[in-house]
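K.L.:
Structure below; questions to follow.
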Amino acid sequence: MCSSDLASYSFGLLVTAFFPTSEVAMVFVPMVLLPMMIVAGLFANTERLDPYWVWLNYISFPRYTFTGIAVNEFDRLHSLCPPQANGMCQYQNGSEVLAFLGFQNESWGLSSLLLGVMMVALRILAAIALWVQGRNKRGNLAFQGNVNDRHIPSVNGDC
């Protein structure tokens, strides 16, 4: 599995551990993922975002995934146009594509590292949320009735 899969899986673990029911979790997930997808650069250049959206760039795991893939694919392309195009291509090389996307100063190694850090941080938060949910429900569990009704065989072997 790649680091983007693990980071998104960790986000899913956090959401399911944080909320008490799946219905609440399913309402919450689109409210968080849609802004992350908007700032990821999939739909528009990230430089066009208003200043109050910029902070989402730093916590958006879809952005780091798209950045890593784009840099990996376009960084080493020296020519995108065939020789007979005569300047009809919008982008001449991969660096121009990365500049259009706003990823000219990015690296795929840093994106992978940050996805790994996000994965660990999300899993730690999920473990804390699961511990808090378990601590809150621990007092509500009642097994006393089952213990009194259970037959425990004696040492002599009678059943």
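The values are calculated or read from the model by the stated rules, or taken from the named source; none is laboratory data. The model shown is predicted, which means the values in this text are computed figures rather than measured ones. A quick note on method: Cβ atoms are made from the backbone with ideal geometry, for glycine too, and the neighbour counts reach across all protein chains shown. Each accessible area value is taken on the protein alone, full model and side chains, heavy atoms only, with ligands, DNA and RNA left out. Shrake-Rupley method; radii C 1.70, N 1.55, O 1.52, S 1.80 Å.
K.L.:
Exactly one of (1) outside any helix (DSSP H, G or I); (2) open to solvent by less than 50 Å² (accessible area, probe 1.4 Å) is unmet by Ala126. Its number?
P.N.:
That leaves (1) as the condition not met.
K.L.:
Given the options Tyr58, Tyr64, name the one that is under 20 Å from Met119 (Cβ atoms), open to solvent by 80 Å² or more (accessible area, probe 1.4 Å) and aromatic (Phe, Trp, Tyr).
P.N.:
Tyr58
K.L.:
Give just the number: which of (1) at pLDDT 80 or above; (2) surrounded by 14 or more Cβ atoms within 10 Å (Cβ to Cβ); (3) not in a helix (DSSP H, G or I) does Gly41 not satisfy?
P.N.:
Of everything listed in (1) at pLDDT 80 or above; (2) surrounded by 14 or more Cβ atoms within 10 Å (Cβ to Cβ); (3) not in a helix (DSSP H, G or I), Gly41 misses just condition (1).
K.L.:
Quick check: is even one residue across the stretch 82-97 in contact with a Ser or Thr (Cβ under 6 Å, 6 or more places away or on another chain), open to solvent by less than 50 Å² (accessible area, probe 1.4 Å) and not in a loop (DSSP other than H, G, I, E, B)?
P.N.:
No, the stretch 82-97 contains no residue that is in contact with a Ser or Thr (Cβ under 6 Å, 6 or more places away or on another chain), open to solvent by less than 50 Å² (accessible area, probe 1.4 Å) and not in a loop (DSSP other than H, G, I, E, B).
K.L.:
Another question, then. Looking at the stretch 6-38, which of the residues that are free of Cβ contacts under 8 Å to residues at least 24 places away in the same chain and of a type in the set (Gly, Ala, Ser) is surrounded by the most Cβ atoms within 10 Å (Cβ to Cβ)?
P.N.:
Per the criteria, the residue is Ala25.
K.L.:
If we scan the stretch 51-70, do we find a residue that is more than 28 Å from Val15 (Cα to Cα), within 27 Å of the chain's Cα centre (by Cα) and not small (Gly, Ala, Ser)?
P.N.:
Within the stretch 51-70 (the criterion being more than 28 Å from Val15 (Cα to Cα), within 27 Å of the chain's Cα centre (by Cα) and not small (Gly, Ala, Ser)), the answer is no, since none of the residues qualifies.
K.L.:
Is it the case that Gln104 is in contact with a helix residue (DSSP H, G or I) (Cβ under 9 Å, 6 or more places away or on another chain) and either at pLDDT below 85 or under 27 Å from Leu14 (Cβ atoms) (or both)?
P.N.:
Yes.
K.L.:
In the stretch 71-86, how many are in contact with a Gly (Cβ under 8 Å, 6 or more places away or on another chain) and either closer than 22 Å to Met36 by Cα or acidic (Asp, Glu) (or both)?
P.N.:
2
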